[in-house]
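One structure below.
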Amino acid sequence: MYQVISTVAVLSTVVAILIHFVVAGRKGPDLAGDTDVMRRMGLWARLVHLGIGFGFLGAAVTGFQAAMVEEALTGIWLLVHFVFGATFMGALAAAALTWADGHRFEKHDAEWFAAGGWIRPEAGVPAGRFDLMDKLFFWTAMVAGLSAVLPILLSMLPIFGPEGIAVLEHVHAYAGLALLLAVLWHMYRAMVVKSGALSVLVTGMVGVRWARAHHAIWVKRVRRDRIDVG
Amino acid sequence: MGTTGSFRAGLAARLCVGILAVLAVSAGAVIVAGAAPALNVQVDGSRAKAVHRIDPYGHVNPFPDEDPVDGKPLKPAKIDPNAKPVMPVSMKNTCGQCHDYDKIRAGWHFNAANPGATAGRPGEPWILYDGKTGTQAPLSYRKWTGTFRPEQFGVSRWRRTMWFGGHSTGGGVSEPDVAHDEDLAIHSRWTASGALDINCLGCHSADPKHDQSVWAMQVSQQNFLGAAAAAADLITIHGAVAKADEAFDPFAARDDYNPGPTVSYNPGRIDAAGKMFFNVGKPSSDRCYYCHSDRYVGPDVPEQAAHADEDVHLAAGMECIDCHRNEIGHKISRGVQGEGHETLTCRGCHLGVEGEGAAGLPGRLGAPRPKHAGLPPVHMKKLSCTACHSGPWPGKQAYRVQTSRSHRMGAKGVYRGEDSPPYIAAPVFRRQDNGVIAPHKMLWPSYWGRLRKGQVVPIGPKEVVAMAEYELETAGKVADKLDEAGRPVKGLNEQQIIATLKKIASVDRKALADAKADAKATGDPEVAIESKGEPVYISGGWLHSLDAADVLTSREHDAAKPYGWALAHGVRPAGRALGSSSSRGCRDCHSADAPFCFGEAIAEGPAVIGTPTTVRMHELQGLNGAYLKSLALSFEGRVMFKVYGFVAAGVVAVVLIVYGFFGLAGLLRRNRPAA
């Protein structure tokens, strides 16, 4: 059952991404060679992102290979999964503390959506530091991440028997699937729709033109308040 | 027509009527015979014990001097205590009057040698032990991998009955068959002893005076015909067939030409009407215990095993037959999943069986439903119930265990010390053929053989003695090694083994040369005459042989692998199961020193050569030791991991709740009507 659902879900997401790319993704503004830069992510934020990405990737690879053959995760892969999972757990909490405030929904998010910012990246519809899609991804990741972590922690307590733990493991598996779909979309937007975002994970800096194209409201606030993102 | 014609017509009519009448009577006889009632029908369903005050019947000669005149099988005669000779009562022919003996003999206890019998999960073998030759071999008529057919070691059906019959039920190979060549072998004394039929009372006697050790003693004296009745205290046997001449006929009167044991019925056993009272009922656990007891010996055995805490089911008032049931076919439920009787397995009673309707509901016989709180479901698939719940609490090394059938427990007059062979180790946690890890009893075979084309062909003890008795008795000294307790270690030593291997090789070479010479003399081609193979000795998990310089070398070989059979009893209480919260929890198995993974089993045998094989439990489970140690390490920090995880999850949850409220507040503000 899980095999079918996850295969359909992943394929559907990939198809949706391809459709979006064909319809709108290739029309993004050309922002290459921007020499005027500004800080978007400080060191702490980059480390948190690295931890959560690294943890999720390792946990996903080790977890899905067992889930797809409907066998319990055992052996060395179980240990590896636990290491990556522990990294993901901590980074998830850090991410919640670091970015929760910046992902609060605001009035301009609805305007961004109504103006077609999600489907017409070339339109340059103004957005805050994080646009609506970024915020939706963040809260989805928080909910799905918690839903993936909490059942496993509960299964380690002497509360549930094998049948109950099996249910918790199912919740864990489906939450992981939801997280994977969200991450696929997030990676597509970051690397394709808003190309240039990948470098921020390394340097923390983005081009000003890129920032004005995708997050104009944020640029105004930073310049106005001379905020150090840090 | 006239008078003559009328007479002929009347005669013809009378003949026709007569013929029809004969045909009618014959048909009636056939119909009546065919309508004989079926055997063993408990028609009324009453749970009250049936009182067996019935006619006793004697045995039928399996080797009559003459074939029956009418071609029909001989019928058993009713017992007459005044007849000459007085015959012992036969369980087969007495019980068989109402209970279908042929159906019963197809049951598990009796059908090992039946060609079509299912082998089932490997069980306890008959262990052939011969100290002189250092032989310790698991024998079975069933196709259990790792066991040998008795005839491979020169154990005929007669010898099997003699050597192992004391702890057997009778029947099976103990009922001789003229069609079976083995039963006609010169050493077989069936014509003197008679058949050792199934001893129904061995299980079904409710008489507290029933003594199975008497059965064992009578079998050892070849008093097969009377062994069952003597054990039931129905008769007294005076003398022994073992001391009688081979020509002794138990069915003929005793006189100077036919001296042998006699039988008398104990007072009050046969009433005035010639009937005998058999105190029968459902088998009590005591009946089973005679053949199915075990005890763990050695200094490290946990207290519970040394003082024989009973299985928790029995301590709760159950009997063996509450779980191990059968119908007339005696296909006793063994509690093994996949062998039928699923509702009578551990899971069947405690957890229920889907698809079995009401019979498959959990809680049968009051079985508590376990919560197994905190146990990941993978354990229910990879481990048997017995892995956590059965046998003694595992130690650093598997213990030595003695069993009824291997060590003649319960039989009087048999010396049995803690170090008595054969050497069986338990519990040994190994992976079964179905992939499930379960505790086993394990035996490493020791025997002489010939290695030919990669296979080892066993040599029976008698044949070894015939070839190399002198070498076995005189070569070298008895090993003067001492064990940890300072006692002399007994067993074959290296010098004896070298000398015996050399002697076997010498005998084989001579036999080969003689065979070739004979073939040449008679003109037959020599090409078909081949060497029997290289003499070897299997022991302690190794194959020992002589190299070109006659130095004893040891190597691994499949023939030296141990044979194991699953153990299920005694079941410990829930609070004493591996991993139960009252002990160290998960760390009972998931720790760097856990006996379940890192315990050792030593390949003990009747020889003292070098270092016996030591195998770790995880090797028998097919698991990597380094991985298990890593997993165990993760359990050291499990509590901290849980704290860390719940704190992290708590932070995320709090953030979600707080910002959820913020979002809700924002929505409410937006939707508030303008003042």
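The values are calculated or read from the model by the stated rules, or taken from the named source; none is laboratory data. Predicted model only: the values in this text are computed from it and were never measured. Using ideal geometry, Cβ is built from the backbone for each residue, glycine included, and neighbour counts are taken over all protein chains shown. Note: accessible area is taken over every heavy atom of the protein model, side chains too, but ligands, DNA and RNA are not part of it. Shrake-Rupley method; radii C 1.70, N 1.55, O 1.52, S 1.80 Å.
Points to keep in mind about this one:
- Among residues of segment B:44-67 that are of a type in the set (D, E, K, R), those with a beta-carbon under 9 Å from a residue that is modelled with pLDDT under 90 at least six positions away or on a different chain give the pairs B:LYS49/B:GLY281; B:LYS49/B:LYS282.
- Residue count, segment A:114-140 (criterion: within 14 Å of chain B (Cβ to nearest Cβ) and either open to solvent by 20 Å² or more (accessible area, probe 1.4 Å) or in contact (Cβ under 8 Å) with a residue 60 or more places away in the chain (or both)): 5
Residues are listed down the side, and each one gets a yes or a no for (1) open to solvent by 20 Å² or more (accessible area, probe 1.4 Å); (2) at pLDDT below 90:
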position: B:SER156; (1), (2): no, no
position: B:MET162; (1), (2): yes, no
position: B:HIS167; (1), (2): no, no
position: B:ASP177; (1), (2): yes, yes
position: B:ILE198; (1), (2): no, no
position: B:CYS203; (1), (2): yes, no
position: B:HIS210; (1), (2): no, no
position: B:VAL214; (1), (2): yes, no
position: B:GLN221; (1), (2): yes, no
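- Within segment B:407-441, the set of residues being buried (at least 16 other Cβ atoms within 10 Å of the Cβ), at pLDDT below 95, among the small types (Gly, Ala, Ser) and in contact with a Ser or Thr (Cβ under 9 Å, 6 or more places away or on another chain) comprises B:GLY410, B:ALA411.
- Checking each residue in segment A:158-177 for being of a type outside the set (Val, Ile, Thr) and open to solvent by 40 Å² or more (accessible area, probe 1.4 Å) picks out A:PRO158, A:PHE160, A:GLU163, A:GLU169, A:HIS170, A:HIS172, A:TYR174.
- Summed over segment B:651-672, residues that are surrounded by fewer than 14 Cβ atoms within 10 Å (Cβ to Cβ) and closer than 29 Å to A:LEU157 by Cα total 3.
Table: residues versus (1) aromatic (Phe, Trp, Tyr); (2) modelled with pLDDT of 95 or more; (3) farther than 30 Å from B:LYS371 by Cβ.
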residue: A:MET142; (1), (2), (3): no, yes, yes
residue: A:LEU146; (1), (2), (3): no, yes, no
residue: A:LEU150; (1), (2), (3): no, yes, no
residue: A:GLY161; (1), (2), (3): no, no, no
residue: A:ALA173; (1), (2), (3): no, no, no
residue: A:ARG189; (1), (2), (3): no, no, yes
residue: A:GLY196; (1), (2), (3): no, no, yes
residue: A:THR203; (1), (2), (3): no, no, yes
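- Candidate set: segment A:199-219, residues that are among the β-branched types (Val, Ile, Thr) and open to solvent by 60 Å² or more (accessible area, probe 1.4 Å); chosen: the one farthest from the chain's Cα centre (by Cα): A:THR203
- Scan of segment B:332-382 for residues that are within 14 Å of another protein chain (Cβ to nearest Cβ), assigned to a helix (DSSP H, G or I) and either among the acidic types (Asp, Glu) or open to solvent by 80 Å² or more (accessible area, probe 1.4 Å) (or both), ordered by number: B:LYS381, B:LYS382
Quick grid of which residues meet (1) under 18 Å from A:TRP139 (Cβ atoms); (2) facing chain B (nearest Cβ under 8 Å):
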| position | (1), (2) |
| --- | --- |
| A:ARG40 | no, no |
| A:HIS49 | yes, no |
| A:PHE56 | yes, no |
| A:GLU71 | no, no |
| A:GLY85 | no, no |
| A:ALA91 | yes, no |
| A:ALA96 | yes, yes |
| A:ASP109 | yes, no |
| A:TRP112 | yes, no |
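- Of all residues in segment A:98-107 being at the interface with chain B (Cβ under 9 Å from one of its Cβ atoms) and open to solvent by 20 Å² or more (accessible area, probe 1.4 Å), the one that is farthest from A:ALA127 (Cα to Cα): A:ASP101
- Of everything listed in (1) under 20 Å from the mean Cα position of the chain (by Cα); (2) not in a strand (DSSP E or B), the single unmet condition for B:GLY413 is (1).
- Matching entry among A:LEU180, A:LEU153, A:LEU168 (being within 17 Å of the chain's Cα centre (by Cα) and under 21 Å from A:ALA60 (Cα atoms)): A:LEU180
- Matching option when the condition is farther than 30 Å from B:ARG509 by Cα and surrounded by fewer than 15 Cβ atoms within 10 Å (Cβ to Cβ), among B:ALA626, B:ALA603, B:ALA594, B:ALA577: B:ALA626
- Conditions (1) open to solvent by less than 60 Å² (accessible area, probe 1.4 Å); (2) within 24 Å of B:PHE224 (Cβ to Cβ); number of the one not met by B:TYR289: (1)
- Selection status of B:HIS187, open to solvent by 30 Å² or more (accessible area, probe 1.4 Å), touching a Phe, Trp or Tyr at 6+ places or on another chain (Cβ under 9 Å) and touching a residue at least 12 places away in the same chain (Cβ under 8 Å): yes
- Being open to solvent by 40 Å² or more (accessible area, probe 1.4 Å) and either at pLDDT 95 or above or farther than 30 Å from B:ALA373 by Cβ (or both) holds for only one residue in B:SER539, B:SER583, B:SER554, and it is B:SER554.
- Failed condition for A:SER155, given (1) away from chain B (no Cβ under 14 Å); (2) crowded, with 20+ Cβ neighbours inside 10 Å; (3) among the polar types (S, T, N, Q): (1)
- Annotation: of all residues in segment A:23-71 being basic (Lys, Arg) and open to solvent by less than 60 Å² (accessible area, probe 1.4 Å), the one that is modelled with the lowest pLDDT is A:ARG40.
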